[in-house]
Amino acid sequence: MMIISEIARWAIPFILFTVPLYGFLRRVPVYETFVEGAENGFKTAVKIIPFLIGMLVSVRVFVDSGALDIAADFLSPVFERMGWNSDLLSIIPLAIMRPLSGSGSLGVATQIIDQYGPDSFLGRLASTLQGSTDTTFFVLAVYFGSVGIKKCRYAIKVGLLADITGLIASIWIVSQVFS
């Protein structure tokens, strides 16, 4: 365990020293290349700010308006019809929030873990769901916004299908492994 701690401690300084050294040895103008990359990164950040603001405002409105609770109530019969026990209803807000916002879904997962415990079925399910799904709308806003794509076409459908698949797989895997 001590070896891993030392490797982790020295990994970033090693990379920060090795990459510029390698560039210097290959006769790359390291500082100028770094400044050019930083400038391009700043331009990209400025370019995606409107998409991020739109995404953050819409998530906040979705949660504060009570739409998250309404959506969770709407999906409850679907969970019950699939034969999943009533405890799983607590995971619906996380399943809805995850495609929208990473920090929002982390907050919901934290509430679930605080309420039920990290080693409970729901705590493990929340953790597994966090790791096996993505923030679909956030990714679309940032990545599509950074390159100027305005029409998402099938990306939203495929992303949400992947999130639903991740939810179902998470429930199945946690049920199989921890029940």
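Values as computed for the structure displayed
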{"item": "Helices (runs of 4 or more DSSP H) enclosed by the stretch 76-164 - at least 3 residues per element that are at negative phi, modelled with pLDDT of 90 or more and of a type outside the set (K, R)", "result": "102-116, 121-132"}
{"item": "Qualifying residue in the stretch 56-64 (condition: over 23 Å from the mean Cα position of the chain (by Cα) and modelled with pLDDT of 85 or more)", "result": "no"}
{"item": "Residue match in the stretch 126-136 (condition: closer than 23 Å to V177 by Cβ, within 21 Å of the chain's Cα centre (by Cα) and surrounded by fewer than 12 Cβ atoms within 10 Å (Cβ to Cβ))", "result": "yes"}
{"item": "Which listed residue is closer than 29 Å to T128 by Cβ, among the β-branched types (V, I, T) and surrounded by fewer than 11 Cβ atoms within 10 Å (Cβ to Cβ), from I12, I112, I96, I91", "result": "I12"}
{"item": "Exclusive hit being β-branched (V, I, T), at pLDDT below 85 and surrounded by 14 or more Cβ atoms within 10 Å (Cβ to Cβ), set I53, I48", "result": "I48"}
{"item": "Residue among I15, I70 that alone is over 30 Å from V174 (Cβ atoms), in a helix (DSSP H, G or I) and within 27 Å of the chain's Cα centre (by Cα)", "result": "I15"}
{"item": "Selection status of I149, exposed (fewer than 15 other Cβ atoms within 10 Å of the Cβ), aliphatic (A, V, I, L, M), out of contact with any Phe, Trp or Tyr (no Cβ under 6 Å at 6 or more places or on another chain) and under 21 Å from K47 (Cα atoms)", "result": "yes"}
{"item": "Test: residue in the stretch 40-53 that is over 23 Å from A162 (Cβ atoms) and more than 24 Å from the chain's Cα centre (by Cα)", "result": "yes"}
{"item": "Residues that are loosely packed, with under 11 Cβ neighbours inside 10 Å and assigned to a helix (DSSP H, G or I), drawn from the stretch 18-30", "result": "T18, L25"}
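One line per residue, one yes/no per condition, for (1) closer than 21 Å to G148 by Cβ; (2) without any contact (Cβ under 8 Å) to a residue 40 or more places away in the chain; (3) touching a Gly at 6+ places or on another chain (Cβ under 8 Å):
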{"site": "I7", "(1), (2), (3)": "no, yes, no"}
{"site": "W10", "(1), (2), (3)": "no, yes, no"}
{"site": "T18", "(1), (2), (3)": "no, yes, no"}
{"site": "K43", "(1), (2), (3)": "yes, yes, no"}
{"site": "P50", "(1), (2), (3)": "yes, no, yes"}
{"site": "G66", "(1), (2), (3)": "no, yes, no"}
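The values are calculated or read from the model by the stated rules, or taken from the named source; none is laboratory data. From a predicted model like this one, the values you see are computed outputs, not experimental measurements. Positions of Cβ are generated from backbone atoms using ideal geometry, with glycine treated the same way; all protein chains shown enter the neighbour counts.
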